[in-house]
Amino acid sequence: MSISFEPLHPVFAAEVRGLDIRQKLDAASAAVVEDAMNRYAVLVFRDQPIDEAQQMAFTRWFGPLDRGFSKVAQRKTRFEDPTMADISNVDLEGRIVSRFDRKLASHFANQLWHSDSSFQPEAAKFSILSSHAVPSRGGETEFADMRAAYDALPEDIKAEIDGLEVEHWALHSRFFLGDTDYSEAQINAIPAVRWPVVRVHPGSKRKTLFIGAHARELVGMPLPEGRVMLLDLLEHSTQAEFVYRHHWRVGDVVMWDNRCTLHRGRRYDLSERRELRRSTTIEAEAPRERVA
Ligand code: OGA
Ligand code: MN
């Protein structure tokens with residue numbers, strides 16, 4: 001059976017047909033997926049209920065595994081692999097948690113536009129999210145194409161941001177949300193890191209904006225000026241024409257490229273169960289400069 005791609009949006013995102021990612025992949029199929037990611041940046045697989053081992057095996061085709069935020073908050077999870085992130089509103093026993101549970105802080109941080117692990121020197125590459133329980137309404141995930149957003153910027157803004165650097169910090173979005181109860185050690189666990197605001201995607205060679213909820217300042221610019229500019233760029237980039245909204249069904253698997261998209265979860269009724277599992281890879285390239 002041959003693999004095909006059904007576009008889901010005018011500028012990016014496609015549904016994949018003819019590939020069962022629960023089966024052991026071969027190098028040729030993995031290369032087809034990687035090529036499609038360079039083009040579409042978001043791929044959707046429908047009706048593929050996947051277990052943990054299958055998801056990890058699929059993920060490993062696309063790079064070393066990412067530990068991300070677990071370096072700040074080492075939490076027990078329900079999973080065997082410590083790099084599998086529990087994107088849910090349930091506890092270790094599978095019970096829906098109280099809306100005041102600390103666990104939900106990361107849930108709400110996920111509802112701000114972001115790129116996974118953009119706060120660390122090893123850039124996150126692909127995230128793979130599988131769906132195991134979905135609420136009756138809300139709880140969608142939205143994706144924004146940061147290549148198309150960059151292309152559509154006015155020339156004077158392109159010139160203004162050319163060569164600018166942006167600092168990303170792991171706890172910036174947490175502090176923004178009022179989630180500030182972290183020890184010194186946790187605060188220092190992941191030093192901020194500097195990225196060019198405009199990056200060239202290694203796979204597609206397209207220019208892309210690297211911003212989002214972890215971006216806390218533009219280097220060399222007064223803090224308020226930089227933050228307003230970051231908000232402006234975010235507002236531009238997340239206009240409807242650049243956004244694909246995924247309505248989850250149980251058994252969906254969605255993968256996205258963190259280097260050229262932003263994503264966010266949408267609100268839903270927290271008394272309903274929502275369970276997703278995320279595995280993420282990093283780009284294997286030279287680490288970035290860290291900032292004290
Ligand atoms: C994630 C994430 C958003 C959502 O898994 O990295 O941001 O909709 N998820 O749960
Ligand atoms: Mn995320």
(request) Report the label-to-label distance for Phe175 and Val228 in nanometres (one decimal), using points 7 Å from each Cα along the Cα→Cβ vector. (result) 2.1
(request) Using the Cα centre as the reference, give the magnitude of the dipole from point charges on the C-beta atoms of the range 1-159 (Lys, Arg: +1; Asp, Glu: -1; all else neutral), rounded to the nearest 20 debye. (result) 520
(message) Quick check: residue separation of Leu92 and Ala152 times 0.36 nm, minus the Cα distance between them. What number comes out in nm?
(response) 17.1 nm
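May I ask you to derive the FRET efficiency for Ile187 and Asp20 from their Cβ-Cβ distance with R0 = 45 Å, giving the value to the nearest 0.05?
The calculated FRET efficiency here is 0.55.
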(request) Determine ³J(HN,Hα), in whole Hz, for all residues of the range 95-107 in sequence, where each value follows from phi through the Karplus function 6.51 cos²θ - 1.76 cosθ + 1.60 and θ = phi - 60°; x replaces Gly and Pro. (result) 8, 4, 7, 5, 5, 8, 4, 4, 3, 6, 4, 6, 4
(request) Mind giving me the nanometre distance, one decimal, between the label points for Thr77 and Arg245, set 7 Å out from Cα along Cα→Cβ? (result) 2.8
(request) Could you tell me the largest-minus-smallest coordinate of the C-alpha atoms of the range 1-97 on each of the three principal axes, in descending order and whole angstroms? (result) 40, 28, 24
(message) If packing is taken as the average number of other Cβ atoms within 10 Å across a peptide's residues, how do 87-95, 59-67 rank, most packed first?
(response) 59-67, 87-95
(request) With 27 Å as the limit, write out which pairs from Lys24/Lys125; Lys103/Lys205; Lys158/Lys205; Lys76/Lys207; Lys125/Lys158; Lys24/Lys205 have Cα-Cα distances beyond it, or answer none. (result) Lys103/Lys205; Lys76/Lys207; Lys24/Lys205
(message) Can you compute the modelled spin-label distance between Leu104 and Arg194, with each label point 7 Å from Cα toward Cβ, in nm?
(response) 4.0
(request) Evaluate the charge dipole of the chain about its Cα centre and quote only its size in Debye, nearest 20, assuming +1 on the Cβ of each Lys and Arg and -1 on the Cβ of each Asp and Glu. (result) 560
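Would you mind giving the three semi-axes, in whole Å and largest first, of the ellipsoid equivalent to the range 45-290 according to its Cα gyration tensor?
The answer is 28, 20, 18 Å, longest axis first.
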(message) Using only the alpha carbons of the range 198-258, what is the convex hull's orientation-averaged projected area in square nanometres?
(response) 5.8
(message) Under 5 Å between amide hydrogens, which residues at least 5 positions from Glu165 or on another chain qualify, with H placed 1.01 Å from N in the peptide plane?
(response) Val197, Val219
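Only the coordinates and a few stated rules stand behind these numbers; no lab work does. Since the model is a prediction, treat every value here as computed from it, not as a measurement. Methodologically, a virtual Cβ is constructed for each residue, glycine included, from the backbone with ideal geometry; neighbour enumeration extends over all protein chains shown.
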